[in-house]
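Enquirer: Mind having a look at this structure? Questions to follow.
The values are calculated or read from the model by the stated rules, or taken from the named source; none is laboratory data. Remember, it's a predicted structure, so these values are computed and weren't measured experimentally. Heads up, the Cβs are rebuilt from the backbone with ideal geometry, glycines too, and the neighbour counts pull from every protein chain shown. Keep in mind that these areas ignore ligands, DNA and RNA; they rest on the heavy atoms of the full protein, side chains included. Shrake-Rupley method; radii C 1.70, N 1.55, O 1.52, S 1.80 Å.
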Amino acid sequence: MKLLRKILFPIVPIYYLVTWLRNRFYDLGLFKSQSYPVPIICVGNLSTGGTGKSPMIELLIHFLKDSFCVATLSRGYKRETEGFRLATVSDSAKTLGDEPFQFYSKFHKNVQIAVDSNRQRGIENLLRLPKKPNVILLDDAFQHRKVTAGLNILLTTYQDLYADDLVLPTGNLREPKEGAKRAQIIVVTKCPDDISALEKKQIISKLKPQNNQEVFFSAIEYSEIVFSAEASYNLSNLKTFTLITGIANAGPLVSYLKNSGLEFEHLNFPDHHVFTDAEILKLAQFEILLTTEKDFMRLKVYETLRKKLFFIPIKAVIHEQERFQNLVLNYIKGAV
């Protein structure tokens, strides 16, 4: 893959120009972007996958759900349905996509969860609901410029800053790094626990934020309790197990489990992987399976895995939490 990316380097200027022109046309008003009479918070990234968007959406939900009528709108990647869909008890990862179904499974009592690849249509349908949301969270929508979000939260990982990357296909950026200027908040995710003030200052210097941008740092926190569809156990009780991952970057989870002194075999699949019948049959032969919460949403429907499948929850922990929350609240109050 690395060799192929190097071979494709001559395409980089073409991809750069096309995405730069698209953004420029939106900036000049030649391409139209729709605004709405409701606070809209967009969580996204410049790079392809793996920056921690789902934990950030969940962090915002936890923070906002008791004070506002919140709705989330996702694309619904790899779902088997089309168009606008408001999550109900009859839905699954197949009808919503794994991440929106994860949101629904955890927050359906407090939050409306919807999917639509057409974000304009999705927002318009949400605003027609009897219980109209007064805050909408757009999941992975930084490049969806047909909608003007009032607050853009841009994520970039500690190990793979967008400032150090190139656009596709040689790099991982979906658009030129100059696109970061559209964000009001930049969050460096998946930071180590011992990140120093000096290192934070060096990273901010690399990112070169604008005067109107605020930079935050966050870490991933893994639960010490793992869950199945029927029970929960302390992670240390899983003496031996097989780790199943279908996410963009399993490295942090693998490191965490190894640092916890656990022994396991790791079966790594592509992000949002749709498991085949043959793969499920193979997985059913293992005694204990541990997976991510996102993967659990796709795998828990298989009866042969139900009693042996566990997931480990994660959450985003943001540094300077009060300052971050105040920025979000000030935006919402100013937009109402």
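Enquirer: Give the residues of the stretch 228-254 that are farther than 30 Å from VAL328 by Cα, open to solvent by less than 40 Å² (accessible area, probe 1.4 Å) and not β-branched (Val, Ile, Thr), sorted by residue number. It would help to see each step written out before you state the result.
Expert: From the stretch 228-254, those farther than 30 Å from VAL328 by Cα are 228-246, 251, 254; that's our starting set.
Remaining after also requiring open to solvent by less than 40 Å² (accessible area, probe 1.4 Å): 228, 231, 235, 238, 241-246, 251, 254.
Residues satisfying the conditions are SER228, ALA231, LEU235, LEU238, PHE241, LEU243, GLY246, GLY251.
Enquirer: Yes or no: the stretch 268-277 includes at least one residue that is among the aliphatic types (A, V, I, L, M) and open to solvent by less than 30 Å² (accessible area, probe 1.4 Å).
Expert: no
Enquirer: Of these, GLY50, GLY76, GLY44, which one is part of a loop (DSSP other than H, G, I, E, B) and open to solvent by less than 20 Å² (accessible area, probe 1.4 Å)?
Expert: GLY76
Enquirer: Let me ask you something else. How many of the residues making up the stretch 166-195 are of a type in the set (Asp, Glu) and under 15 Å from THR48 (Cα atoms)?
Expert: The qualifying residues number 1.
Enquirer: Related question: Pairs, please: C-beta under 8 Å, at least 6 apart or cross-chain, first residue within 30 Å of LEU262 (Cα to Cα) and in the stretch 312-336, second open to solvent by less than 50 Å² (accessible area, probe 1.4 Å) and of a type in the set (D, E, K, R)?
Expert: Pairs found: ILE312/GLU293; PRO313/GLU293; ILE314/GLU293; LYS315/GLU58; ALA316/GLU58.
Enquirer: Go through the stretch 208-229 and report how many residues are more than 20 Å from GLN321 (Cβ to Cβ) and in contact with a strand residue (DSSP E or B) (Cβ under 9 Å, 6 or more places away or on another chain).
Expert: Count: 6.
Enquirer: So the check is Cβ under 6 Å with 6+ separation or different chains; which pairs have a first residue in the stretch 56-78 that's more than 18 Å from TYR331 (Cα to Cα) and a second one that's among the polar types (S, T, N, Q)?
Expert: The qualifying pairs are ARG75/SER117.
Enquirer: Does the stretch 11-22 contain any residue that is closer than 23 Å to THR156 by Cα, open to solvent by less than 80 Å² (accessible area, probe 1.4 Å), of a type in the set (S, T, N, Q) and under 24 Å from the mean Cα position of the chain (by Cα)?
Expert: Taking every residue of the stretch 11-22 in turn, at least one turns out to be closer than 23 Å to THR156 by Cα, open to solvent by less than 80 Å² (accessible area, probe 1.4 Å), of a type in the set (S, T, N, Q) and under 24 Å from the mean Cα position of the chain (by Cα).
Enquirer: Between PHE31, PHE68, PHE63, which is assigned to a helix (DSSP H, G or I) and of a type in the set (A, V, I, L, M, F, W, C)?
Expert: After ruling out the rest, the residue left standing is PHE63.
Enquirer: Also, quick follow-up: If we only count strands (runs of 3 or more DSSP E) wholly inside the stretch 159-227, which ones have 1 or more residues that are under 26 Å from LEU253 (Cα atoms) and open to solvent by 80 Å² or more (accessible area, probe 1.4 Å)?
Expert: On the way: elements: 185-189, 214-222, 225-227.
Ranges flagged: 214-222.
Enquirer: Same structure, new question: Quick check on the stretch 93-151: of everything there that is β-branched (Val, Ile, Thr) and assigned to a helix (DSSP H, G or I), which residue is least open to solvent (accessible area, probe 1.4 Å)?
Expert: Residues of the stretch 93-151 that are β-branched (Val, Ile, Thr), as a first pass: 95, 111, 113, 115, 123, 135-136, 147-148.
Checking which are assigned to a helix (DSSP H, G or I) leaves us with 95, 123.
Numbers: THR95: 28, ILE123: 0 Å².
Out of the qualifying residues, it is ILE123.
Enquirer: Right, here's the next one. Can you go through LYS106, LYS78, LYS32 and tell me which one is at pLDDT below 95 and out of contact with any strand residue (DSSP E or B) (no Cβ under 9 Å at 6 or more places or on another chain)?
Expert: Numbers: LYS106 fails: at pLDDT below 95; LYS32 fails: at pLDDT below 95.
None of the others qualify; the one that does is LYS78.
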